[in-house]
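**Student:** Take this structure first; my questions come after.
The values are calculated or read from the model by the stated rules, or taken from the named source; none is laboratory data. What you see is a predicted model, and the numbers here were worked out from it, not measured in a lab. Here Cβ is always computed from backbone atoms with ideal geometry, including for glycine, and neighbour counts include all displayed protein chains.
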Amino acid sequence: MEKNVSEKNEKVLSIGAFVLKKNGESARRTLDLLQIISEDLKPFAKDEFLAIPIKRKLSKSEIEKIGKEVFVKTGNAYFERRKKNPTISELLGYNPTVEYIGDIAIIEDEQNKKEIGKAIFKCNKNIKTVLLANSPVLGEFRTRKFIHVCGEKKTETVYKEYGCKYYIDLEKAYFTQRLSTERARILKKINEDDFVIDMFAGVGPFSILISKKKKPKTVIANDKNPEAVELLIKNIKENKVENIKALNLDAKNLTDHYKEKADHVIMNLPCSAHLFLNEAVQLTKKGGIIYYYAMAEETEKEDLYSKDIDLIKKAARENGKNENIIEMRKIRSYAPHQYNICIEARIE
């Protein structure tokens, strides 16, 4: 749609998506994934609505992705222009890998860490700390080490996602915002009366989102890392969800309490989830679904999923059950031909 400048208030007349303000963050994320937001204009709130500037009208399928209970209408409105800040790539001449979690930015380029840190602060006023990831995810507690680059010396932050709030300590418990879309995808598969087991819950991003938005019968959020569980309990209280039980167990011991109870079992432990497949099968009731995450490599001789599908089949057979693979997908790329994948298996 053509945009016109209003001389009266020096704003831009443009088409906007009007959504319920209380669900504004999730709607904005969906529109951002659709690459339809007019980034040079500012959203604004009025009464119970949030107006988000968009490039064109939305299709029916796009409105369904936002959620009919969230979307109100599209219509013309006057939006303020954003003050254009330089981008990191404009300042540096290249695009470094940066992950933003709350008010912390995490980078991976040790050689150019100082100049990247300075560029991040110039481009993003909300960032208070820049850290260099100094190790991969290590050990049974899945933690990483960081080097302070600039800003406040801290690894603690507060992160908001889809209306949930999480207290995070990046050195005590693993967390990534890069799975936000995957968490929202799994959410859509949960029903109100379901029993959900999150075998490797961390600080709770799967469990708390599911509990808060879908209100299933029970959510078991387990992690072996006691510091992760401490943060998980804090996040449960912060988000005021009452149908979650936080546990600090080895996931292999969950079968002592919840055998054949689960409608959904989440196995977000990509590097070693295969070690717990027998337990996952035992936890799943007939007709229940396992969400199995793994790191996989695509080669000329083997596709991306076959090795892990064979492991799932083996675990099912060893427990006298059958499996039905209902979905396979790439979650994100780590390196050429290497991916974080998810396989969904219904246990019969």
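**Student:** Of 117, 102, which residue is modelled with pLDDT of 85 or more and at positive phi?
**Tutor:** From the options 117, 102, the qualifying one is 102.
**Student:** Just the residues that are among the hydroxyl-bearing types (Ser, Thr, Tyr) and more than 22 Å from residue 179 (Cα to Cα), please, taken from segment 290-331.
**Tutor:** 299, 306 - these are the residues of segment 290-331 that are among the hydroxyl-bearing types (Ser, Thr, Tyr) and more than 22 Å from residue 179 (Cα to Cα).
**Student:** Related question: Does any residue in segment 75-90 that is surrounded by 14 or more Cβ atoms within 10 Å (Cβ to Cβ) come within less than 9 Å, Cβ to Cβ, of a residue that is among the aromatic types (Phe, Trp, Tyr) and in a strand (DSSP E or B) six or more places away or on a different chain, and which pairs are these?
**Tutor:** Matching pairs, first to second residue: 77/18; 77/44; 78/44; 79/44; 80/44.
**Student:** Applying the selection to segment 270-311, what residues are hydroxyl-bearing (Ser, Thr, Tyr), free of Cβ contacts under 8 Å to residues at least 60 places away in the same chain and in contact with a helix residue (DSSP H, G or I) (Cβ under 8 Å, 6 or more places away or on another chain)?
**Tutor:** Kept after step one, since they are hydroxyl-bearing (Ser, Thr, Tyr), are these residues of segment 270-311: 272, 284, 291-293, 299, 305-306.
Filter once more, so that each one left must be free of Cβ contacts under 8 Å to residues at least 60 places away in the same chain: 272, 292-293, 299, 305-306.
Scanning segment 270-311 gives 292, 293.
**Student:** Please find, among 212, 189, 259, 237, the residue that is more than 22 Å from residue 330 (Cα to Cα), surrounded by fewer than 19 Cβ atoms within 10 Å (Cβ to Cβ) and touching a residue at least 24 places away in the same chain (Cβ under 8 Å).
**Tutor:** Exactly one residue qualifies, and that residue is 259.
**Student:** Now a separate question. Taking residue 219 as the residue in question, decide whether it is in contact with a strand residue (DSSP E or B) (Cβ under 9 Å, 6 or more places away or on another chain) and closer than 30 Å to residue 22 by Cβ.
**Tutor:** For residue 219, the condition - in contact with a strand residue (DSSP E or B) (Cβ under 9 Å, 6 or more places away or on another chain) and closer than 30 Å to residue 22 by Cβ - is met.
**Student:** Oh, and also: For segment 241-256, give me each residue that is over 20 Å from the mean Cα position of the chain (by Cα) and either surrounded by fewer than 19 Cβ atoms within 10 Å (Cβ to Cβ) or of a type outside the set (Gly, Ala, Ser) (or both).
**Tutor:** Across segment 241-256, the qualifying residues are 242, 243, 245, 247, 248, 249, 250, 252, 253, 254, 255, 256.
**Student:** Next question. For residues that are under 23 Å from the mean Cα position of the chain (by Cα) and touching a residue at least 40 places away in the same chain (Cβ under 8 Å), tally how many sit in segment 317-345.
**Tutor:** 11
**Student:** Next up: Filter segment 121-133 down to residues that are over 22 Å from the mean Cα position of the chain (by Cα) and in contact (Cβ under 8 Å) with a residue 24 or more places away in the chain and give me whichever is surrounded by the fewest Cβ atoms within 10 Å (Cβ to Cβ). Steps first, answer last, please.
**Tutor:** So in segment 121-133, the residues over 22 Å from the mean Cα position of the chain (by Cα) come out as 121-123, 125.
From what is left, the residues that are in contact (Cβ under 8 Å) with a residue 24 or more places away in the chain are 121-123.
Details: 121: 16, 122: 13, 123: 17.
Checked segment 121-133; the qualifying residue surrounded by the fewest Cβ atoms within 10 Å (Cβ to Cβ) is 122.
**Student:** OK, next. So, residue 268, is that one in contact with a Leu (Cβ under 8 Å, 6 or more places away or on another chain), modelled with pLDDT of 95 or more and among the polar types (S, T, N, Q) or not? Even if it seems obvious, please write down each step before you answer.
**Tutor:** Values: in contact with a Leu (Cβ under 8 Å, 6 or more places away or on another chain): yes; modelled with pLDDT of 95 or more: yes; among the polar types (S, T, N, Q): yes.
Judged against the criteria, residue 268 is a match.
**Student:** Now for a separate question. Looking at segment 36-49, I want the residues that are in contact (Cβ under 8 Å) with a residue 24 or more places away in the chain and have a partner that is of a type in the set (S, T, N, Q) with Cβ atoms under 8 Å, at least 6 apart or on another chain. Which pairs are those?
**Tutor:** 38/14; 41/14
**Student:** Now for a separate question. On the given criteria, is residue 159 of a type outside the set (A, V, I, L, M), farther than 30 Å from residue 282 by Cβ and outside the structural domain of residue 331 (by TED's automatic domain parsing)?
**Tutor:** Judged against the criteria, residue 159 is a match.
So that you can scan it fast, the table gives a plain yes or no per residue for (1) touching a Leu at 6+ places or on another chain (Cβ under 6 Å); (2) outside the structural domain of residue 12 (by TED's automatic domain parsing); (3) of a type in the set (A, V, I, L, M):
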site	(1), (2), (3)
39	no, no, no
47	no, no, no
51	no, no, yes
54	no, no, yes
70	yes, no, yes
73	no, no, no
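**Student:** While we're looking at this one, here's another question. Mind listing whichever residues of segment 324-340 are out of contact with any helix residue (DSSP H, G or I) (no Cβ under 7 Å at 6 or more places or on another chain) and β-branched (Val, Ile, Thr)?
**Tutor:** 326, the sole residue that qualifies.
**Student:** In the set 229, 203, which member is modelled with pLDDT of 95 or more and in a helix (DSSP H, G or I)?
**Tutor:** Working: 203 fails: in a helix (DSSP H, G or I).
Sole residue among the options that is modelled with pLDDT of 95 or more and in a helix (DSSP H, G or I): 229.
**Student:** Further, regarding this structure: I'd like the residue in segment 144-185 that is within 19 Å of residue 109 (Cα to Cα), within 21 Å of the chain's Cα centre (by Cα) and β-branched (Val, Ile, Thr) and, out of all such residues, is modelled with the highest pLDDT.
**Tutor:** By that ranking, first place goes to 155.
**Student:** Report those strands (runs of 3 or more DSSP E) wholly inside segment 3-109 carrying at least 3 residues which are among the β-branched types (Val, Ile, Thr) and within 30 Å of residue 167 (Cα to Cα).
**Tutor:** Because the criterion is at least 3 residues that are among the β-branched types (Val, Ile, Thr) and within 30 Å of residue 167 (Cα to Cα), the strands (runs of 3 or more DSSP E) in segment 3-109 that meet it are 104-107.
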